[in-house]
1. Starting from the eigenvalues of the Cα gyration tensor, five times each then square-rooted, give me the equivalent ellipsoid semi-axes of segment 348-487, largest first, whole Å.
2. Roughly how tilted is helix 171-183, in degrees to the nearest 10 and between 0 and 90, from the longest Cα axis of the chain?
3. What 222 nm value per residue comes from the helices of the chain, counting each DSSP H run with n ≥ 4 as -39,500 (n - 2.57) and dividing by all residues, nearest 500 deg cm²/dmol?
4. Simple spin-label model, 7 Å along Cα-to-Cβ: LYS402 to PHE50 in nm?
5. Quick one: which of 61-70, 455-464 comes out on top by average Cβ neighbours within 10 Å, and what's the full order, highest first?
6. How much length would be gained if the chain were fully extended between ALA69 and THR23, taking 0.36 nm per residue of separation minus their Cα-Cα distance, in nm to one decimal?
7. What full-extension length gain, to one decimal in nm, is calculated for SER115 and LEU250 as 0.36 nm per residue of separation minus the Cα-Cα distance?
8. Between the helical axis of 12-25 and the dominant principal axis of the chain, each derived from Cα atoms, what acute angle in degrees is found, rounded to the nearest 10?
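Throughout, read-outs are computed from the coordinates displayed, never taken from laboratory work. As the structure is a prediction and not an experimental result, all values here were calculated from the model. Ideal geometry is used to build each Cβ from the backbone, glycine not excepted, and the neighbour counts take in all protein chains shown.
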Amino acid sequence: MVLMTASPPLSPFRRAAAAAAGTALGVDPALLVVTTPPDPSMGDYAVGCFPAAKALRAAPAALAQKVVASFQPTDLLAEATAHGPYVNFRLHRGPLFRTLLERTISKTARPISTSAGEGKTVCIDFSSPNIAKELAYHHIRSTVIGQSLVNIYRALGYRVVGINHLGDWGTTHGMLLCACDKWGFPEPLTIAGLNELYVRFREAMKKDPALEDQARQWFKRLEEGEPSVVATWQRFRDVSLAEFKEVYNLLGIHFEEIKGESEYQEAMPSVIQMLEQKGLTSISEGALVVDLSDQKMPPLLLRKADGTTLYATRDLAAAMYRHEKYQFVRSLYVVAREQGLHFQQLFATLKKAGLDWADRMEHVSFGLVRIGGRKSGTRSGNAVLLRDVLNEAKAEIHAKLKETSPDLPPDQADAIATVVGHGAVVFANLASQREKDVDFDWDEILSLEGDAGPYVQYAHARTASVLRRGGVADPTELSGIDVAPLVREEEWNLAKLLVDLGDETARAAQSNEPHVVARYLLDVCASFSRWYTLGNQDPALKVLCADERTKMARLALTAGVREILRTGLGLLGLKAPDAM
Ligand code: ARG
């Protein structure tokens, strides 16, 4: 993506390292990548000299030596050493600890800087299910990846428009209307009832091919806006949306715009006209198409021989509307990998029409979800429903809680089971790179120890419990605490990780991968646990140790961990329980 590369790190500490190397070499620090050395004893940050070596036509190792030779300590940087092509920097510890507390627990705390996105808009098309069909489990991937990207961009200061491009148009509705006409309207109306009708109609169509034509006639009446037909379709739409909203509410999903494909009917002729005027259309077997053979793609279908428009035509209209209305810097489509060709055709057509902003559009694709080895899909008949999976996860956590915390009051146990059960399902969908297929294993995703949502939530609950036991009612009071007692390497490594949330969030946005944040949170939990469990060996290393000054400093660090976990979980769309 052309627009957002070479953005400097958000962390002042990483920026300082890049600036020191960049200034010494006379190159733009934004070219330099700041990483972490493989072994913390080598230094806190490493800056590789490869990009500078290319620009300056010099050996990277010589450049690293050059940086070290001219290095002067600053407020943030204490030391620089060369290690082959890398310059390893060591930080002053006090300023980092203090910045961490300032950002996480002061009254004006802001764990993520919003400077990256200020004044910019991102459109995110996500979830976008077809009406009259149940939300199946695979819909969760688009829904949770999309919502997480909304949260991520928003945290970075972007204005985000989350869009549900409801699949509420097309020949399916002709079939449903025809089926209702033949066999009666299902009462009370539910998605399940509509789905049954649809399946029955398709069966009937196999025996009686004439039905296909009738369905087409019904769809035509709908397209032409016959009032009673539109009213029936409107009921399909209303009942579907109401049922979708129940699941959206369970998961905390929100859209700025719910705009169905049906709403682009009026815009369609002008889109087709625009393409015709630019000489991009041709007729193929009676249909109006945009030829894309020069790009080795099949043609994009604009209008069928019978005059009805198509999914792609509506997406063209929607893209133009979004650009016009929102002037986006990015427009994302969080849609399954199977639709890859559709989006390539869409973007290529807009490019051909000379609309350069097509470069800002991106298909954020993702792999399949398998439960017990089978692919989830609504058409297959053995669909796995999202609601059922969420309920099952909740029930499993509930059962676990009965064993681990038998004294929890029932309403509290229920609340925790909801937050942790649903969180487990959401996290499982975000924990790996989105292009990877997800094999859904119940034991793994519900685990309190493995790479799972409950593990992160549990770490958060643990920090909350330590703070409670330490008598900290208001963590802001700890933000100015003396950090001098934080002398353990485990404390330092943890703090260094914690100030990286902003950069990790920016990285997640760069690649549209919420997985980056999920991985980061797992690292934070591991680092926290390494520090926290030191107390098992030696009481003097406990957070709640005997020395008051040390205890307060450690409590402040714990409060910082809690804030970072809470914020990070929020980015993924998970709640952060204070007790589990
Ligand atoms: N309704 C489509 C489906 O369920 C997804 C729509 C994705 N968004 C879009 N603008 N095409 O397959």
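1. 38, 28, 13
2. Roughly 60 degrees between the two axes.
3. -16500 deg cm²/dmol
4. Placing both labels 7 Å along Cα→Cβ, they lie 5.5 nm apart.
5. So the peptides 61-70, 455-464, ranked by packing, come out 455-464, 61-70.
6. 15.3 nm
7. 45.4 nm
8. Tilt of helix 12-25: around 80 degrees.
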